[in-house]
Amino acid sequence: MTVKVGEKGQVVIPKAIRDVVGLHPGDEVDFELRDGEVVLVQGSRAAKPLGGRFAGSGMLQAHMADRAKERERGRW
């Protein structure tokens, strides 16, 4: 599949590819250089710890659980 790079350097990952690899809004991706090519790699889905006044509050785990439930219901 071929897509064009926009004026701000952005590209859209085609839906067919997102569906196959399970990419959803908010997921992270990494860009790597391999033998002169740019390769898009699905990033880590591990939860990152919160800092500041919410550290240790359990809010991140509750949020991630809610996101998982939404994915199961097909809202993504």
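The values are calculated or read from the model by the stated rules, or taken from the named source; none is laboratory data. Quick caveat, the model's predicted, so the values are computed rather than measured. For neighbour counting, all protein chains shown are included, and Cβ atoms are generated from backbone atoms with ideal geometry for every residue, glycine included.
Values as computed for the structure displayed
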{"read-out": "Any pair with Cβ under 8 angstrom, 6 or more apart, that starts in the range 59-76 at a residue that is under 15 Å from Pro25 (Cβ atoms) and not assigned by TED's automatic domain parsing to the domain that holds Leu23 and ends at one that is acidic (Asp, Glu) and at pLDDT below 85", "value": "Trp76/Glu70"}
{"read-out": "Output for the range 1-28, where each listed residue is touching a residue at least 12 places away in the same chain (Cβ under 8 Å), in a loop (DSSP other than H, G, I, E, B), surrounded by 10 or more Cβ atoms within 10 Å (Cβ to Cβ) and of a type in the set (A, V, I, L, M, F, W, C)", "value": "Ile13, Leu23"}
